[in-house]
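Asker: Before I ask anything, let me first share the structure, which is written out below as structure tokens.
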Amino acid sequence: MPQKYNIKTKAALPRFYPVGKYATIEFRENCAGSCKECVKKKCVYDIFKDNYLHMSKMEEPEYLYTCNSCFRCIQECTKGIFSRVVNPEYREIGDEYWTPDVLSRTWYQAHTGSVPVSGAGYRGPFVGKGFDSMWTDMSEIVRPTRDGIHGREYINTCIELSRRPERLSFNKDGSLAIEVKPILEIPLPILFEQPDFGVLSKEVLISMLKAAQTIGTKMFISAADVYEDLMPFGPFIIPLVKKDTFQNYPTLLSRVDMVEIEYEPGIEKNFGALKAMNEELVISVGIGLRADLDYAGICVELSKADIDTIHVYANSHGREFESDNPRFIKDMLRDIHLALIDAGTRQQINIIASGGICMAEHVNKSIICGADGVAIDRPLLIAMECRLCDRCRNGLSCPVELESIDPAYGSNRITNLMSAWRNQMLEMLGAMGLREARRLRGEVGRSMWFEDLEKESFAPIFGERKVSIDVG
Amino acid sequence: MNQLKHQLPETHETPSRFRNTIGKYIIKRNSNCISCGKCADICPYGVHVMPDNHASPLRPIEHKCIGFDCKKTDHYCIEHCPEDALVLKDNALLDTMGDYRWTPEMLLGHFAMAETGDAPRVDLEYNLGNSGGGFDKMRFIEPDPGLAIDISDEEIDTSIDLNKTGDDRPRKTISMPCYGGGMSYGSTALSVIVGRARAAKKLNSLTCTGEGGYPPEFLPYKEHVITQVATGLFGVREETIQQCPIMEFKYAQGAKPGLGGHLLGEKVTKAVARMRETIVGSSLFSPFPFHSVYSVEDHKKHVDWMKEINHNVLCSIKVSTPTDVDMVAIGAYYAGAHIIHIDGSYGGTGAAPDIAKKNIAMPIEYAIPKVHKFLKEEGARDKVTLIASGGIRNGLDVAKAIALGADGCVIGTADLVAVECVRCGNCESGRGCARGIATTDPELGNMIDEEYVEQRLVNMYMAWRKQWCDILRSYGLKSIKELRGRSDLLVHLDYLDEDDKKKYQPAPEYKMVL
């Protein structure tokens, strides 16, 4: 029996104090001084352990930001000298999509390799935009779940990147009558891509590639950036080329098994020339989801050509490019997936989705909406402690010194994150009763959507909805 | 007169376990104070206290302060202080408490109800969360004044029946339209779960073992303890089924729909390991699903098995809320369930993967009308008790759930909030809950005692009962059973015209830092 796929993790402590959510405040002038009941000594989480050391060194006491919110110091101090505020720096990191909560959970997963777990129920809004307007289903009694997370039932998360024949046909002697090309697959439906900003030093890129190598996935990198130091990772690199540039990379294209060429009208004419450089090449076409493009129609046309994968890009918030009212990737994926089904080509081609994938749940939800897999960039940086502070964009130094990260450490953090993501995917797939990530593709029947639930459960009671449903 | 058959318990003041309480306002006394004691003399709420043998007033008891509303009265301490030594401010600490579902004011409101047995005196919004949907956008319609009836709380019936099947098993009625959800021995301090059982006895309600077994401390309250049979079958024995009035099959739970229970190794102490027949320190992951149930027929076999062990037991089937929850419910009914308990995705007390809590299964607000309607269409609605849970946070949520079609609710998190859980969510980490609630740590577990838990819960539920009585009276209803399925008494703000919407309290909608 082949070995079951599993991502091994190893704790990788942060190099810098993560930006914590809360700051503890002490009004020291009211402190009794030598109180035997001092709450600092009783802290269950021991966060005040280094308190005096910080004071003597006149350093910023970082323990402030490691508070676990039990409120005991605030409620038990005999003089009531403690209070808390939200750390102002925490409010500033990320943005409205890449929220501080997303960043801090990503850091936790990259540190521990563990799935974030907490008690006392869900804490967020009832519903949100984009991926937050859908729920995934679970099976009960007659449609049993799969018990994948603890390895008791194996759930396969493989996806293919190579084209599938429409059907097999056989000769009379039972031999195959068609040529079946080698299958290119990756063990989890997540690929990496080079971020479009950030400190992208050699160490950072090698960290990403080493992690891709460890978990068996691949990474999209601009062909121009694949310098000699990265060449040992050839099988894990998908170089990004353009119609006018691919001829410049004969060596690179001979050493990789997949390439991505940027979409532009008439691109189909170049596929033959690409194959001529390396006939084993699996070809992906990258297309930006721009409002002025009929991207579903273009995907249909591309799916009929001799290519393997279509890689669709939304912006970093999962939104359509160049639109005043940009659509969200889940809706765009639905359109593309359904258009390919109508064209009868969906089974042959693979769809990879980029943009706005920032949590494990987004992987499964993208697949439900019609993707085969996703590509991620920012989570790779965040795993290596990036704070999305944008200092690098303004030519300022990186607060977590990404430029000098040890690739062994960086890849460890990314590998941990991917293990945590995969385990969360297994939780969701198991609950849905699925043993194959590939079975999830386009399975909207295994999901529940806000607009449908409102219509089904609330419309018969409350009548016509007067506030339009804006969940896109 | 419809007098209560069961005498409801008395409430009495049960203060916080903590020295410094948290209030909506902070009131500070500065060094100008000359200890004249005037503030203590005039404050009717007990914020300022100056015991006879003290030279100066104690630190203000801030959570009792009604804040700036006091300006309108003749006892506003800030203005009466001869030395201007008092300062009143909004408490910025609230920015660091709570979340979209349990806002800081909802937490403080429940602390107050559990302390006093009455609605909070301070202007706290404890009935609505900030989630922007579901219960937080539903309101009871303006009642027609002509409908209101003038009867006392004692004359209003808040009981529900748990056996409507007409079979030969006992009729079981509880005096509250809600009972306690499963919290297992091992996940929660023994004093907390036993305190819940004591409260259940006083309230003529129920609590549930959860899946951690049946500690002997429950025996004095056994008529009020449900034995849960979950996929791990931890501590399930014939005698624990024989001694319970109701047994509950937990097929799934809202905290982690589609996943088995988790009890991390740190909580598996010697006593817990003995109860669960396992090894100290070993993490326990219950399987999912029941590996003996893959069809309705298998499920019926389960129910028949329990009924055979105890000829008087009623069977409750706890399921989560998949897309076909209505089909699951009717299947459970036909297999012989007395109670169908649907547990929505946003609730739960135990440690669970965040991804599951947020994303898997539908919120209970959608599931209740779906199941209620389907059971009605199948002609089964009056033969089975429908219980809802998972994100039912307060008395108003209970009333809304009943109006949507449930007979009653199961409560978990609110019970913990009543004993001063602040929902920090660290139930699973290290030694467990730092506030002594969800822990098996011997030192932390001693922070709380059964009497305190019992009375705080009695107080909170009696405060909720007053709310239910007010609602029922205003619509001319004498029993909470008459409220069931009265969704015509509810409106949803998103389904109202702008003019109609103005008649109702707007939904809180403010950005929080998560």
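The values are calculated or read from the model by the stated rules, or taken from the named source; none is laboratory data. Since the structure is predicted, the reported quantities are computational estimates derived from the model, not experimental observations. Cβ: placed from backbone, ideal geometry, glycine included. Neighbour counts: every protein chain shown. Heavy atoms of the whole protein, side chains included, go into the accessibility calculation; ligands, DNA and RNA do not. Shrake-Rupley method; radii C 1.70, N 1.55, O 1.52, S 1.80 Å.
Asker: Quick one: B:ARG139 ticks every box in (1) assigned to a helix (DSSP H, G or I); (2) under 19 Å from B:ARG393 (Cβ atoms); (3) open to solvent by less than 30 Å² (accessible area, probe 1.4 Å) bar one, so which box is it?
Answerer: Result: B:ARG139 fails condition (1) only.
Asker: Residues in segment B:125-142: is at least one away from chain A (no Cβ under 14 Å) and modelled with pLDDT under 95?
Answerer: The answer is yes, given that some residue of segment B:125-142 is away from chain A (no Cβ under 14 Å) and modelled with pLDDT under 95.
Asker: Also: Just checking, how many residues over segment B:287-327 are more than 10 Å from chain A (Cβ to nearest Cβ) and of a type in the set (Ser, Thr, Tyr)?
Answerer: 2
Asker: Does A:ILE414 fit the bill of being open to solvent by less than 10 Å² (accessible area, probe 1.4 Å), away from chain B (no Cβ under 14 Å), touching a helix residue (DSSP H, G or I) at 6+ places or on another chain (Cβ under 7 Å) and in a helix (DSSP H, G or I)?
Answerer: yes
Asker: With the structure loaded, tell me whether B:TYR179 is open to solvent by 20 Å² or more (accessible area, probe 1.4 Å) and not in a helix (DSSP H, G or I) or whether it fails that test. Steps first, please.
Answerer: Values: open to solvent by 20 Å² or more (accessible area, probe 1.4 Å): no; not in a helix (DSSP H, G or I): yes.
Criteria not met by B:TYR179.
Asker: Could you say whether any residue in segment A:132-148 is more than 9 Å from every other protein chain (Cβ to nearest Cβ), outside any strand (DSSP E or B) and open to solvent by 40 Å² or more (accessible area, probe 1.4 Å)?
Answerer: So the first thing to find is which residues in segment A:132-148 are more than 9 Å from every other protein chain (Cβ to nearest Cβ), and the list is A:133, A:148.
After this cut, where a residue has to be outside any strand (DSSP E or B) as well, the list is A:133, A:148.
Now restrict to residues that are open to solvent by 40 Å² or more (accessible area, probe 1.4 Å): none.
No - not one qualifying residue is present in segment A:132-148.
Asker: Tell me whether segment B:234-253 contains one or more residues that are within 14 Å of chain A (Cβ to nearest Cβ) and of a type in the set (Val, Ile, Thr). So that I can check it myself, show each step before the final result.
Answerer: Taking segment B:234-253 as the starting set, the residues that turn out to be within 14 Å of chain A (Cβ to nearest Cβ) are B:249-253.
From the residues that got through so far, the ones that are of a type in the set (Val, Ile, Thr) too are none.
The answer is no; no qualifying residue exists.
Asker: Look through segment B:357-402, keep the residues that are assigned to a loop (DSSP other than H, G, I, E, B) and within 10 Å of chain A (Cβ to nearest Cβ), and return whichever of them is surrounded by the most Cβ atoms within 10 Å (Cβ to Cβ).
Answerer: B:ALA361
Asker: With respect to B:MET50, is the statement that it is under 32 Å from the mean Cα position of the chain (by Cα) and not aromatic (Phe, Trp, Tyr) true?
Answerer: no
Asker: Quick one: in segment B:482-499, which of the residues that are more than 8 Å from chain A (Cβ to nearest Cβ) and not in a helix (DSSP H, G or I) is farthest from B:GLY405 (Cα to Cα)?
Answerer: Here the answer is B:ARG486.
Asker: Show the residue pairs that are 6+ apart or on different chains and have beta-carbon atoms under 6 Å apart, the first residue being within segment A:381-399 and more than 13 Å from A:VAL102 (Cα to Cα), the second being β-branched (Val, Ile, Thr) and open to solvent by less than 40 Å² (accessible area, probe 1.4 Å).
Answerer: If the second residue must be β-branched (Val, Ile, Thr) and open to solvent by less than 40 Å² (accessible area, probe 1.4 Å), the pairs left are A:MET384/A:ILE405; A:CYS392/A:VAL199; A:CYS398/A:VAL199.
Asker: If a residue must be out of contact with any Phe, Trp or Tyr (no Cβ under 8 Å at 6 or more places or on another chain) and either in contact (Cβ under 8 Å) with a residue 60 or more places away in the chain or open to solvent by less than 10 Å² (accessible area, probe 1.4 Å) (or both), how many such residues does segment A:177-205 contain?
Answerer: Residues that pass the stated criteria total 13.
Asker: From B:GLU428, B:GLU450, grab the single residue that is more than 14 Å from every other protein chain (Cβ to nearest Cβ), open to solvent by 20 Å² or more (accessible area, probe 1.4 Å) and touching a Ser or Thr at 6+ places or on another chain (Cβ under 8 Å).
Answerer: Answer to the check: B:GLU450.
Asker: If you don't mind, another one. I need a count of the residues in segment A:214-241 that are without any contact (Cβ under 8 Å) to a residue 40 or more places away in the chain and part of a helix (DSSP H, G or I).
Answerer: 12
Asker: List the residue pairs whose Cβ atoms are under 7 Å apart, where the first residue sits in segment B:1-17 and is on the phi < 0 side of the Ramachandran plot, the second is modelled with pLDDT under 95 and in a loop (DSSP other than H, G, I, E, B), and the two are 6 or more positions apart or on different chains.
Answerer: Every condition considered, the pairs that remain are B:ARG17/B:MET447; B:ARG17/B:ILE448.
Asker: Scan segment B:293-327 for residues that are over 16 Å from B:ARG237 (Cα atoms), surrounded by fewer than 22 Cβ atoms within 10 Å (Cβ to Cβ) and touching a helix residue (DSSP H, G or I) at 6+ places or on another chain (Cβ under 6 Å) and jot them down.
Answerer: B:VAL293, B:VAL296, B:ASP326 - these are the residues of segment B:293-327 that are over 16 Å from B:ARG237 (Cα atoms), surrounded by fewer than 22 Cβ atoms within 10 Å (Cβ to Cβ) and touching a helix residue (DSSP H, G or I) at 6+ places or on another chain (Cβ under 6 Å).
Asker: Continuing with this model, one more query. It is to be established whether one or more residues within segment B:66-88 are outside any loop (DSSP other than H, G, I, E, B), under 30 Å from A:VAL86 (Cα atoms), within 14 Å of chain A (Cβ to nearest Cβ) and within 35 Å of the chain's Cα centre (by Cα).
Answerer: no
Asker: Would you confirm, using the coordinates I've provided, whether A:ILE336 is assigned to a helix (DSSP H, G or I) and surrounded by fewer than 20 Cβ atoms within 10 Å (Cβ to Cβ)?
Answerer: Criteria not met by A:ILE336.
Asker: Looking at (1) touching a Gly at 6+ places or on another chain (Cβ under 6 Å); (2) at the interface with chain B (Cβ under 7 Å from one of its Cβ atoms); (3) without any contact (Cβ under 8 Å) to a residue 60 or more places away in the chain, find the lone condition where A:THR66 falls short.
Answerer: If we test A:THR66 against (1) touching a Gly at 6+ places or on another chain (Cβ under 6 Å); (2) at the interface with chain B (Cβ under 7 Å from one of its Cβ atoms); (3) without any contact (Cβ under 8 Å) to a residue 60 or more places away in the chain, just (2) comes out false.
Asker: Consider B:GLU266 carefully, then state whether it is outside any loop (DSSP other than H, G, I, E, B), out of contact with any Cys (no Cβ under 6 Å at 6 or more places or on another chain) and within 13 Å of chain A (Cβ to nearest Cβ).
Answerer: The answer is yes for B:GLU266.
Asker: Something else now. Are any residues in segment A:254-276 in a helix (DSSP H, G or I), open to solvent by 50 Å² or more (accessible area, probe 1.4 Å) and of a type outside the set (Gly, Ala, Ser), and if so, which ones?
Answerer: A:ARG255, A:GLU268, A:LYS269
Asker: Among B:ALA406, B:ALA434, which is the only one that is more than 9 Å from every other protein chain (Cβ to nearest Cβ), at negative phi and in a loop (DSSP other than H, G, I, E, B)? So that I can check it myself, show each step before the final result.
Answerer: Working: B:ALA434 fails: more than 9 Å from every other protein chain (Cβ to nearest Cβ).
Every option except B:ALA406 fails the conditions.
Asker: While we're on this one: Mind counting the residues in segment B:204-242 that are in a loop (DSSP other than H, G, I, E, B) and in contact with a strand residue (DSSP E or B) (Cβ under 8 Å, 6 or more places away or on another chain)?
Answerer: Of the residues in that region, 16 qualify.
Asker: A further question on this structure: Could you count how many residues in segment A:31-58 are modelled with pLDDT of 80 or more, hydrophobic (A, V, I, L, M, F, W, C) and in a loop (DSSP other than H, G, I, E, B)?
Answerer: 5
Asker: Out of everything in segment B:336-356 that is in contact with a Pro (Cβ under 7 Å, 6 or more places away or on another chain) and either in a loop (DSSP other than H, G, I, E, B) or among the acidic types (Asp, Glu) (or both), what residue ends up being nearest to A:VAL117 (Cα to Cα)?
Answerer: My answer is B:ASP354.
Asker: Quick one: is B:ASP118 modelled with pLDDT of 95 or more, surrounded by fewer than 19 Cβ atoms within 10 Å (Cβ to Cβ) and over 20 Å from B:ALA388 (Cα atoms)? Break it down into steps so the answer makes sense when it comes.
Answerer: Working: modelled with pLDDT of 95 or more: yes; surrounded by fewer than 19 Cβ atoms within 10 Å (Cβ to Cβ): yes; over 20 Å from B:ALA388 (Cα atoms): yes.
Yes; evaluated as a whole, the condition is true for this residue.
Asker: Also, quick follow-up: How many residues, within segment A:422-469, are surrounded by fewer than 21 Cβ atoms within 10 Å (Cβ to Cβ) and away from every other protein chain (no Cβ under 11 Å)?
Answerer: Count: 6.
Asker: Which members of segment B:328-356 meet the condition of being surrounded by fewer than 24 Cβ atoms within 10 Å (Cβ to Cβ), within 8 Å of chain A (Cβ to nearest Cβ) and out of contact with any strand residue (DSSP E or B) (no Cβ under 7 Å at 6 or more places or on another chain)?
Answerer: Result: B:GLY331, single match.
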